[in-house]
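**Student:** Before I ask anything, here is the structure I am working with.
The values are calculated or read from the model by the stated rules, or taken from the named source; none is laboratory data. All figures in this text were calculated on a predicted structure; none of them were measured in a lab. Please note: Cβ atoms are built from the backbone with ideal geometry, for glycine as well, and neighbour counts cover all protein chains shown. Heavy atoms of the whole protein, side chains included, go into the accessibility calculation; ligands, DNA and RNA do not. Shrake-Rupley method; radii C 1.70, N 1.55, O 1.52, S 1.80 Å.
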Amino acid sequence: MIIDMPATTTRAVAKRLLTERDEGGAVALGRVLTLIVDTGDHDPEHAIAAANDASREHPCRVILITEGTGTDGLDAQIRLGGDAGASEVIILRPSGEVDEHLDTLVMPLLLPDAPIVAWWPYEPPAVPSEHPLGHMAQRRITDSTRAAKPGAALRALAAGYSEGDTDLAWTRATLWRGLIAATLDQPPFSPVKRAFISGESQHPSVDMVAAWLAHALRCPVDVERIPDAPAITQVRLVRSTGEIVLDRPDGKTAALRQPDQPEHRIALPIRHLRECLAEELRRLDPDEVYGEVLTKGLPKVTA
């Protein structure tokens, strides 16, 4: 069900939600968090679809803010039932002065006593924790991959990092980090002398994995940037006992090669946005490893 509410207020939207819950059985109880999404001037439908999919694992109230079309005021839309996954989706389109106070705009719509997560699917704020929406959130999710200048956005996030921040460029590399860590946990336990990583020239996940390797292994890391490659394509670890190579040239299946062992083929597809968002919503405590990699490891990686 989709309810359009032109020229309205958030208090009127909150009242309409209560009415729909009482009359139509749309239940807000049982929502585990409020997810605030700021899409700026981008099309919000892609973010809504990802939030709907993630809400099946994490039932939530989604408050999405996108650019309004009027001169001053607020247009809103409520999506319930099949149009909202396992969540309630409230789309706010503020214009003029209303757009200047996003925190007070969303306050009447927040679920009581529920954690707040802020997500910027496109251009991230330079300092998420100081943004009006980020200031009220326990967790702040950015996505430098979709920024106009991903590398610059990632380094700006490092400069303005605060506990509770995370970026989906880090989440997209979870499977790579898990495979590399599992491989290094097997004998022989010789130290890594040098690491090499190859991947798409502008993809920030390449930088995050390189930063993680530099920080965790305390060794030099060389980055090969390949235009139009499918995200990360290869990680190579050089040890005195031989090289470990994890190679994924097609973005789907990886080959793991180790000394004195047969080659292993591993399914390693590029992760979808909904998977990454759902993973980040599983934890509401600060990701300390991400913070260390972003602030201490990233400076060791050549831009």
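**Student:** Work out, step by step, the length gained on full extension between residue 32 and residue 182: first 0.36 nm times the residue separation, then minus their alpha carbon distance; give nm to one decimal.
**Tutor:** Numbers: separation 150, 0.36 × 150 = 54.00 nm, distance 3.24 nm.
50.8 nm is the gain from fully extending residue 32 to residue 182.
**Student:** Sorted from largest down, what three extents in whole angstroms do the Cα atoms of the stretch 47-86 have along their principal axes?
**Tutor:** 38, 16, 13
**Student:** Right, next: For residue 255 and residue 46, what does the FRET efficiency come to when R0 = 22 Å and r is the distance between their Cβ atoms, rounded to the nearest 0.05?
**Tutor:** On the way: r = 32 Å, r/R0 = 1.46.
Computed FRET efficiency for residue 255 and residue 46 comes out at 0.10.
**Student:** Could you state how much accessible area residue 215 has, in square angstrom rounded to the nearest 10, with a 1.4 Å probe and all protein chains kept in place?
**Tutor:** 30
**Student:** Probe 1.4 Å, all protein chains in place: accessible area of residue 300 in Å², nearest 10?
**Tutor:** Surface accessible to solvent at residue 300 totals approximately 110 Å².
**Student:** Could you report the accessible area of residue 228 in Å², rounded to 10, computed with a 1.4 Å probe on the protein chains as they sit in the structure?
**Tutor:** Number for this one is 140 Å².
**Student:** Could you check what % of the DSSP bridge pairs in the chain are antiparallel, to the nearest 5?
**Tutor:** Percent antiparallel among DSSP bridges in the chain is about 50.
**Student:** Using just the C-alpha positions of the stretch 52-176 as equal point scatterers, what log10 of I(q)/I(0) does the Debye formula give at each q in 0.18 1/Å?
**Tutor:** These q points yield log10 I(q)/I(0) values of -1.11.
**Student:** For a Förster distance of 51 Å, can you work out the FRET efficiency between the beta-carbons of residue 241 and residue 71, rounded to the nearest 0.05?
**Tutor:** On the way: r = 68 Å, r/R0 = 1.34.
Working from the Cβ atoms, E equals 0.15.
**Student:** Accessible area, 1.4 Å probe, largest first: how do 139, 146, 271, 225 sort?
**Tutor:** On the way: 139 0, 146 95, 271 40, 225 70 Å².
Most to least solvent-accessible, the answer reads 146, 225, 271, 139.
**Student:** Also, quick follow-up: Evaluate 2.2 N^0.38 Å with N set to the residue count of the stretch 143-258, then give the Cα radius of gyration divided by it.
**Tutor:** So the Cα radius of gyration is 1.07 times the expected 2.2 N^0.38 Å.
**Student:** How large is the translational diffusion coefficient of the stretch 120-182 in µm² per second when you combine the Kirkwood radius over alpha carbon pairs with Stokes-Einstein at 25 °C and 0.890 mPa s?
**Tutor:** On the way: Rh = 12.1 Å.
For these conditions, the coefficient is 202 µm²/s.
**Student:** Right, next: Per DSSP H run of at least 4 residues, take -39500 (n - 2.57); add these up for the chain, divide by its residues and hand me the 222 nm value, nearest 500 deg cm²/dmol.
**Tutor:** Values: 9 runs with 84 residues, N = 303.
Result for the chain: -8000 deg cm²/dmol, rounded to the nearest 500.
**Student:** May I ask what percent, to the nearest 5, of DSSP beta bridges between residues of the stretch 126-255 are antiparallel? Mind dumping the intermediate values first?
**Tutor:** Values: 14 of 23 bridges.
Bridges in the stretch 126-255 that DSSP calls antiparallel: roughly 60 percent.
**Student:** Residues with amide H under 5 Å of residue 232's amide H, sequence separation 5 or more or different chain, H placed in the peptide plane at 1.01 Å from N; which?
**Tutor:** Amide H neighbours of residue 232, under 5 Å, 5+ apart: 200.
**Student:** Follow-up question, since we're still on this one. At each listed q (0.11 Å⁻¹), what is the log10 of I(q)/I(0) that the Debye formula gives for the chain modelled as equal alpha-carbon point scatterers?
**Tutor:** -0.70
**Student:** Taking R0 as 35 Å, what's the FRET efficiency between residue 136 and residue 266 from their Cβ-Cβ distance, rounded to 0.05?
**Tutor:** Working: r = 41 Å, r/R0 = 1.17.
Efficiency computed from Cβ-Cβ geometry: 0.30.
**Student:** A further question on this structure: Just the Cα atoms of the stretch 198-246: what Rg and Dmax do they give in Å?
**Tutor:** Calculated on Cα positions, Rg and Dmax stand at 11.1, 33 Å.
**Student:** Only residues of the stretch 145-187 count here: report those whose backbone N is under 19 Å from the spot 7 Å along Cα→Cβ of residue 202, or say none.
**Tutor:** Counting backbone N atoms under 19 Å from the label point, the list is 145-157, 168-170, 172.
**Student:** At what distance in nm do the modelled label points of residue 193 and residue 23 sit from each other, each positioned 7 Å from its Cα along Cα→Cβ?
**Tutor:** 7.5
**Student:** Continuing with the same structure: Would you mind checking the radius of gyration and Dmax of the stretch 230-303 based on alpha-carbon positions, in Å?
**Tutor:** 15.8, 42
**Student:** Could you run the Karplus curve 6.51 cos²θ - 1.76 cosθ + 1.60 with θ = phi - 60° over the stretch 162-168 and give me ³J(HN,Hα) per residue in whole Hz, x for Gly and Pro?
**Tutor:** Calculated HN-Hα couplings, in order: 9, 3, x, 6, 7, 10, 6 Hz.
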